[in-house]
Each structure stands twice: as structure tokens, then as C-alpha cells.
Amino acid sequence: MIDIPITIIGGYLGAGKTSLINSILTGDSPPANLAVLVNDFGDINLDAKWIEEKSPDGKIIGLTNGCVCCTVRDDLLAVMEDLYWARLQRRMPRFVRLVIETTGLADPGPVAQTFFMDDEVAESYLLDSILTLVDAKHAPLQLNDRQEARRQVGFADQIFISKSDLVDADALDALQHRLKHMNPRAPQRAVHFGEVALSEVFDLRG
């Protein structure tokens, strides 16, 4: 049994998911043997020195530190199974941890359910945590109007508040109080351009 830990990174449009992933991949001590599923490479800042090879179909990029990045173009369950077999058959760099960036409009519930509904996936992967980015400037309106934004907060094991420098102290305090009321079990922390310690991202056992 492999049990590769999974970290899901969610948050409404523009909340800073890509900034967090960039911080993970390009920080001072980026994790080795990490796979990342993203929706679009266009916003991921992969410097040329990180890129080792690119597959013909554009789905997989190998990184020099052992990381891999894949675009989520197909059904998530199929992608997870493809990753599993590609790893076993050594058609890609070995990875021991997986990060999934969801779309800004994604409901994290069905994404999380993927890791319990399929026996093969459940035997290969272990859902470690769901991280949610919340945009301090736009969150009050988003939480009022968008059910997806509310569910992203509700499912979170850890909440990172971005763009806190764009609001005053009272507005930030009000947002934190609201988030605490919506999800009292999830720790909150303001972050700057996705810069967080890896200990706050991985092995949270949410």
C-alpha cells in the first residue's frame, strides 16, 4: 500500500492559490518528489532552470528537484489513476506527495470525495488536508453571494487570508470573526503572496 498524502488547495477566484503553489515550488527549501495538479500552467511561474522535460501531450512537466506538474484536463479520478500507474511504471519522476489546485469555482466536497469513492484511489492516496485561500478585500461580498466560497471555507482544515494589506484592521478583524463562525476548527493566518512555512501546508492530518 502506497498511501501518498494529498493536499487540496482551494479558494475563490483571485484568492492566491497560484501564489501559494509558486511559493511551495520556488521557496528556499522546496519539497522534493512532489507532484502538483493545476488547472493551467499559464499562471504557474516555472523558471527554465526547474524544467527538465516536457511530455508530448503537455500534461506532465518534470522538475529538476523531482517535482512534477500536471494540468487537470480530464476527470480527476482518471487523472489520479493515470498518475498512480505512471508512477509505478516509472514513466514520470517518482513522487511521494501530491498537491491539487482546484478551480476558483470548485466545491471542495466532490473533490475530497474522490479519494473515498474509488477503491483503487483510496488504497493509493490519503487525503491529508484541504487548504483554503480567502481574499481579504473581496471575501465579504463573495461569501454573501457565492455558495462555492462559503463551502470552500467550510471544508477547510487551514485558512490562509491573502491581501490583508488592502483592508484596514477593523475589516480584517470582522472577516476573521466571520470565518471563525463559519468554520471554528480551522486555524487562520494572514499570508503575503503565499509565503508560508511548509509545516503549515503539509502533514496537517486534517
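Local charge for Arg185 was computed over the other residues whose Cβ lies under 14 Å away, with Lys and Arg +1 and Asp and Glu -1, and equals +1. Peptide packing for 27-35, 131-139, 160-168 was compared via the average number of neighbouring C-beta atoms within 10 Å per residue; ordered from the highest value, the list is 131-139, 160-168, 27-35.
Only the coordinates and a few stated rules stand behind these numbers; no lab work does. Keep in mind that this is a model prediction, so the values were computed, not measured. Cβ atoms come from the backbone with ideal geometry, glycine included; neighbour counts cover every protein chain shown.
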